[in-house]
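The structure appears below as structure tokens.
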Amino acid sequence: MEKALRAYSEVLRLIRLLPKQSRSYYQKYARENFVNYREVPDSASMDELLQRTYNHSCWVLKKYQVDEAAAKNLKEICVNT
């Protein structure tokens, strides 16, 4: 759960890099997803969700032409190395 909370916090930080008019949408989207998946049954499922979190975050950053390097901290949290 701690890893998921750190990821959520990092996603919210990344949302602040987006254009002002799109922030509220992505804040709501992120909150809904983290609330919906807060009781994931096993660590394999959690790892998959965190990987999807990172991939989707990179996609959104690219969409708004924000350097993906901004997601470095999120990658460290979400991607198993």
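Just so you know, all these numbers are worked out from the coordinates, no wet-lab data involved. Remember, it's a predicted structure, so these values are computed and weren't measured experimentally. Using ideal geometry, Cβ is built from the backbone for each residue, glycine included, and neighbour counts are taken over all protein chains shown.
Details
- Extension gain for LYS3-GLN21 works out to 3.6 nm (0.36 nm per residue, less the C-alpha to C-alpha distance).
- Nearest-20 debye value, region 33-81 charge dipole, Cβ charges on Lys, Arg, Asp, Glu: 240
- Gain on full extension, evaluated as 0.36 nm per residue between LYS63 and GLN51 minus their Cα-Cα distance, stands at 2.5 nm.
- The chain, relative contact order in percent, only Cα pairs under 8 angstrom and at least six apart counted: 42
- Candidate aspartates and glutamates for bridging to LYS72, where Cα separation is under 12 Å - those fewer than 8 sequence places away on the same chain excluded: GLU10
- With 0.36 nm allotted per residue and the present C-alpha distance subtracted, the ARG31-VAL79 stretch has 15.3 nm of extension available.
- Per DSSP, loop chymotrypsin sites (Phe, Trp or Tyr not before Pro) in the chain with at most 15 further Cβ within 10 Å: TYR37, TYR64
- The phi torsions of region 11-22, fed into the Karplus equation with coefficients 6.51, -1.76 and 1.60 and a -60° offset, translate into couplings of 4, 4, 5, 5, 4, 5, 7, 7, x, 3, 5, 9 Hz, rounded to whole numbers, with Gly and Pro shown as x.
- In straight-distance terms, cross-link reach from LYS28 covers every one of the lysines whose alpha-carbon lies under 19 Å from its own, apart from those fewer than eight places away in the same chain; here that gives LYS20, LYS63.
- For region 29-38, 3J(HN,Hα) per residue [Karplus equation, 6.51 cos²θ - 1.76 cosθ + 1.60, θ = phi - 60°, Hz, x = Gly/Pro]: 4, 5, 4, 4, 5, 5, 5, 5, 10, 5
- Annotation note: GluC sites (Glu not before Pro) in region 17-76 located in DSSP loop regions with a Cβ neighbour count of at most 16 within 10 Å are GLU39.
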